[in-house]
Amino acid sequence: MKKVLLLQCLFCLLCIVKATADPVVKIQTNAVELIYKVADDGRLYQCYLGKRLHHDSDIAYLPQGGEAYITHGMEDYFEPALHIVHNDKNPSTLLRYVNHTENAPEAGVKETVITLRDDQYPVTVKLHYVAYEQENIIKTFTEISHQEKKPVSLEKYASSMLHLNRSRYFLTEFSGDWASEVRATERELDFGKKVVDTKLGTRGNMFCSPFFQLAMDGKSRENEGEVLVGTLGWTGNFRFVFEVDNAGCLRVISGINPYASQYSLKPYDIFRTPDFYFTYSFDGKGEASRNFHNWARKYQVKDGDRSRMTLLNNWEATYFDFDEEKLIGLMDDAVTLGVDMFLLDDGWFGNKHPRSSDHQGLGDWTETQDKLPNGIGRLTHAAKEKGIKFGLWIEPEMVNPKSELYERHKDWVIHLPNRKEYYFRNQMVLDLSNPKVQDYVFGIVDGLMTKYPDIAFFKWDCNSPITNIYSAYLKENQTHLYIDYVRGLYKVLERVKAKYPKLPMMLCAGGGGRSDYEALKYFTEFWCSDNTDPVERLYIQWGFSQVFPSKVMCAHVTTWNSSSSVKFRTDVAMMCKLGFDIKLTDMNRDEVAYCREAVKNYNSLKGVVLDGDQYRLVSPYDGNHTSTMYVAKDKARAVLFAFDLFPRYAEKMQPVRLQGLEADRMYRVKETNLMPGTRSSLRGNEQLFSGEYLMNVGLQVFTGRKMNSRVIEVVAE
Ligand code: GLA
């Protein structure tokens, strides 16, 4: 008996020695760890994803887990990450570990590259992981290459594959439509597949956003529980596959949507997938969001470390109906409000087919003589005289069939040559896979900037998805179009950024139809939605804030939902990047005075709102009220926003507990953004409280009034 036991122990010991001798790859941030091990079969397995482990000796005990990057054609029965058809039509790939390298491109960032190779075909797959230590974000992408004689066909080519093995999984996705973006829905995943994807091409996330939250073991919560939050940096068709297998294990596959996108990869070329970014929080969604916000401002977003301009946009104030005089009048409104910039929207261009409505003119980027006889130059000049900046709307990837561009270059337009054209908002998409079209699109920005160097901002719109998909340029490689379009767009944006590095730009796609972290390398901000009803916006901002910092989310005060007060509308917009899209004549004197004061307050609070830590305190999804606060990094200052939506009669209201303060510091609480002539009714207003009190007892900030709002400053003394 003793002998058997001894033999068993010896065997276990041998296994451990063997296991530890096999290569182990650890991708670590300060709090999160992803571990891969090479098994006896020479293949790579993900054996851990979770809280960082600190004892190397434990690694030997980790279960083998799922294969890191599962390939089609071998022994797996579920969705693969990679599917290649080789020159001999063999559709299988089997990847074995070759080596891995580690380097530190900058302080706080570690990059790991794992090289895998097929032993039957000269195919190499490199899995890249970039770990942002402090922010707890891991960026992953994959490079695929081969040395077969002829091109291979890539059928599936994920950016990332992650495995989880928990009791239950709850997925939150963010879907909707034009004017109802990012509606959060949470569901439990059980056996089978849930796919979140888009086939819209350009206006890629009109119906669903490229990010998700995956809570482990129970439903997601704001401040507790384990949650993995992921997002793809790709301004086109994306796909997330969540598949629970027969053993209850979940795989998450993220990347470009391979739908109608087989890619023919030439020998020695490298197919680089887009980046997938994820964080893993052990304290709920709030922390996961803050991880993303911190990382985005520091590493990803264009000018993430700089402030943002407030603005007045003319779109809802005039639509297409304006002339020089009207615009200059609106600039005076901008000055009265005290904002930094005037933004001229759609409708300023086209002569043969003037852009008097959305039926014509797109593509002809010269000023309409009747409306602007003295060109954009007169407007930049007027803005300068008034001490504000000037910004301009463009939609450079699009064309109306009623335009000179279409008449000249039908071959530049994505359309099926033998079928009736289909128009979305009366327009079509230019073929950015074609380098000549790329030159043309870059030339729109470059031409305007060369002629009018005082243009200080662009709003870059994109209203049509890709339909009738066919490229005259790509000829036999039609299935490359969805991908090459996006790559062409990035080439253009790269040129714009290189030549005009200081030029801020807003990304827009008929509202929030484009918002992803690759685009945000080139854009300082995005337009969240054409829906500016403040009640709706509270949900939309809540949705986008799950992965994006307030700094990149444009929020404007308009006349939508005019049954809500101007104060309510402004207070909602002040939680993000504040702007106005309204005429002063739409407001009474008090309201204008209120807005002026609000802009001043915003300028003083902007550092906290745009660069501080965000705490979502009360969700609009949970009832009739919502509240969010921002805390400066040094915890000396905070601002709390509280909104009553549609409270019930005699509803029981709880105080709101603040977060992120220092328990032992004293803070003065002061309601700001008050309408002229009104006084705060906040209990404890202007009083001094400890952080401990504010975080454990809280403030009674909600009221029984419909669409009522409060902005409260919390300042340490
Ligand atoms: C889109 C945008 C709007 C506005 C119009 C102009 O719908 O989302 O903000 O710019 O185009 O046509």
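The values are calculated or read from the model by the stated rules, or taken from the named source; none is laboratory data. The structure presented is a predicted model; accordingly, all values stated were derived computationally and were not measured. Here Cβ is always computed from backbone atoms with ideal geometry, including for glycine, and neighbour counts include all displayed protein chains. Ligands, DNA and RNA are excluded from the accessible area calculation, which covers all protein heavy atoms including side chains. Shrake-Rupley method; radii C 1.70, N 1.55, O 1.52, S 1.80 Å.
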For 52, 203, 657, 683, give the ranking by accessible area with the largest first, probe 1.4 Å.
683, 657, 52, 203
Once label points are set 7 Å from the Cα along Cα→Cβ at both residue 74 and residue 98, what is their separation, rounded to one decimal in nm?
1.6
Projected onto the charge dipole of the stretch 540-687 (unit charges on the beta-carbon of Lys, Arg, Asp and Glu, signs +1, +1, -1, -1), the Cα from 553, 653, 675 with the largest positive-side position is that of 675
Given the protein chains as shown and a 1.4 Å probe, how many square angstrom of residue 442 are accessible, to the nearest 10?
20
In square angstrom, rounded to the nearest 10, how much accessible surface does residue 129 have for a 1.4 Å probe?
10
Paramagnetic reach from residue 386 (point 7 Å along Cα→Cβ, amide N under 11 Å) across the stretch 580-617
584
Is any helix in the chain, taking whole DSSP H runs, at least 24 angstrom long along its axis by alpha carbon and on average at least 0.0 on the Kyte-Doolittle scale, and which ones?
2-21
Need one number: nm distance between label points at residue 654 and residue 633, each 7 Å from Cα along Cα→Cβ, rounded to one decimal.
3.3
Let me see the P(r) profile for the stretch 514-591: every Cα-Cα distance counted, bins of 5 Å, each bin given as a percent of all pairs.
3, 16, 28, 22, 14, 9, 5, 2, 0
Assuming a strict under-25 Å limit between Cα atoms, what lysine pair count do you get for the stretch 615-716 once near-sequence pairs (fewer than 8 apart, same chain) are dropped?
5
Using a 1.4 Å probe, what is the accessible area per residue for the chain, in Å²?
39
Measuring from its Cα centre, the chain shows a charge dipole (+1 at each Lys and Arg Cβ, -1 at each Asp and Glu Cβ) which, in debye to the nearest 20, is 460
So if each residue of separation counts as 0.36 nm, and I subtract the Cα-Cα distance between residue 177 and residue 472, what length gain in nm does that give?
103.1 nm
Residue separation between residue 56 and residue 324 times 0.36 nm, minus their alpha-carbon distance, gives in nm 89.5 nm
Taking R0 as 45 Å, what FRET efficiency do you get between residue 219 and residue 266 from their Cβ-Cβ distance, rounded to the nearest 0.05?
0.45
Can you list the aspartates and glutamates whose alpha carbon is less than 16 Å from that of residue 384, not counting same-chain residues fewer than 8 positions off?
324, 325, 332, 333, 340, 454
Using only the alpha carbons, work out the radius of gyration and Dmax of the chain in angstrom.
27.3, 101
Treating cross-link reach as a plain straight distance, find the lysines whose alpha-carbon is under 16 Å from the alpha-carbon of residue 51, omitting any fewer than eight places away in the same chain.
26, 285
Nearest 500 deg cm²/dmol is fine: what mean residue ellipticity at 222 nm does the chain get from its DSSP H runs of n ≥ 4 alone, each adding -39,500 (n - 2.57), divided by its residue count?
-6500 deg cm²/dmol
Ignoring any ligand, DNA or RNA, what whole percent of the accessible area of the chain comes from carbon and sulfur when the probe is 1.4 angstrom?
51
Testing the spin-label approximation: label points 7 Å from Cα along Cα→Cβ at residue 497 and residue 439. State their distance in nm.
2.4
In nanometres, the difference between 0.36 nm per residue of separation and the alpha-carbon distance of residue 188 and residue 706 is 183.1 nm
Mind listing the long-range amide H neighbours of residue 275? Cut-off is under 5 Å, sequence gap 5 or more, other chains count too, H placed in the peptide plane at 1.01 Å from N.
233
Between residue 678 and residue 420, take the C-beta separation as r, use R0 = 56 Å, and let me know the FRET efficiency to the nearest 0.05.
0.40
